[in-house]
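The values are calculated or read from the model by the stated rules, or taken from the named source; none is laboratory data. What you see is a predicted model, and the numbers here were worked out from it, not measured in a lab. Neighbour counts run over all protein chains shown; Cβ positions are idealised from the backbone, glycine included. Protein only, heavy atoms only, side chains kept; ligands, DNA and RNA dropped before computing areas. Shrake-Rupley method; radii C 1.70, N 1.55, O 1.52, S 1.80 Å.
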Amino acid sequence: QVQLVESGGGLVQAGGSLRLSCAASGSIASINAMGWYRQTPGKQRELVATITRGGGMNYADSVKGRFTISRDNAKNTVYLQMNSLKPEDTAVYYCRAIATLYNFWGQGTQVTVSS
């Protein structure tokens, strides 16, 4: 089992920045990759960014150049630095751990960008 706890969401004006954190605990060694996803009411959850155990990163086109995913292995924590935020970035952001047999999700953190 892997437990994920997200933090760092909030309300920010367009053009501002936020940093999300996702702290993992439990069967850390089983995690192959971690990622951030987001969801708005009535829409499917979508990929924002992922980072693999080897450090490979992948971003949605809509956030490239604005968002940066990183990790601190010593703290078992993954971050999402979000700059130049837009109102369309408003969503609940979820952390995901992709393990050998299962996927695990955090509880989500709300990000609201006002225009």
* Asked: For segment 67-109, what class follows from the C-alpha gyration tensor (a ≥ b ≥ c being the square roots of its eigenvalues): rounded when a/c is under 1.5, otherwise prolate if a/b is larger than b/c, else oblate?
  -> oblate
* Leaving ligands, DNA and RNA out of it, rank ASP61, ASP72 by accessible area with a 1.4 Å probe, largest first. => ASP61, ASP72
* Could you list the trypsin sites (Lys or Arg not before Pro) in segment 1-59 that lie in coil according to DSSP, counting only those with at most 11 other Cβ atoms within 10 Å of their Cβ? => LYS43
* Asked: Taking Cα centroids, how far is segment 59-115 from segment 1-22 in Å?
  -> 7
* Using a Förster distance of 41 angstrom, determine the FRET efficiency expected from the C-beta separation of GLN39 and ALA74, and round it to 0.05. => 0.85
* Asked: Using the heavy atoms of the protein chains alone and a 1.4 angstrom probe, what is the accessible area of the chain per residue in square angstrom?
  -> 53
* **Surface accessible to a 1.4 Å probe, LEU11 within the full protein complex, Å²** => 130
* Percent carbon-and-sulfur accessible area, segment 41-115, ignoring ligands, DNA and RNA, probe 1.4 Å -> 49
* Asked: Rounded to the nearest 5, what is the percent of antiparallel bridges among the DSSP beta bridges in the chain?
  -> 90
